[in-house]
Amino acid sequence: MKMGQFVVHVDAIGNHGCQRDRKDGETVVGCDQSQCTDCITREYVRRLKRGGTMMTAATITHWPGSDSEVRDDLLSGKRSGSF
Ligand SMILES: [Zn+2]
């Protein structure tokens, strides 16, 4: 492998929205349930970080482009928007 920029993009339909009780501006740490798609994604980002990958952005966007859009920043843990 060689060093350079890359982008991972996953567009999915399924159960999502870990810790929906956390509102706009609050931190989502994760529920760590094995079937939680958000936590599976969060773990993937953690593994990349542990492996030395430098990330400038890692987000899960729920209902992208809609009025009810909620965005979870996986680097800071901060949620933007509320369920
Ligand atoms: Zn979870």
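A short reminder: the numbers here are calculations on the coordinates, not readings from a lab. Everything numeric here is computed off the predicted structure, so don't read it as measured data. Cβ atoms come from the backbone with ideal geometry, glycine included; neighbour counts cover every protein chain shown.
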Restricting region 8-58 to residues that are surrounded by fewer than 15 Cβ atoms within 10 Å (Cβ to Cβ), closer than 12 Å to Leu74 by Cα and among the polar types (S, T, N, Q), the one farthest from the ligand (Cβ to nearest atom) turns out to be Thr56
Please specify each residue of region 1-41 satisfying the condition of being of a type in the set (D, E, K, R) and either more than 12 Å from the chain's Cα centre (by Cα) or assigned to a loop (DSSP other than H, G, I, E, B) (or both). Lys2, Asp11, Arg20, Asp21, Arg22, Lys23, Asp24, Glu26, Asp32
Give the number of residues within region 9-20 that are without any contact (Cβ under 8 Å) to a residue 12 or more places away in the chain and charged (D, E, K, R). 1
Residue pairs qualifying under the 9 Å Cβ cut-off, at least six apart or on distinct chains, with the first in region 60-73 being free of Cβ contacts under 8 Å to residues at least 40 places away in the same chain and loosely packed, with under 14 Cβ neighbours inside 10 Å and the second being part of a strand (DSSP E or B) and basic (Lys, Arg), are Pro64/Arg71
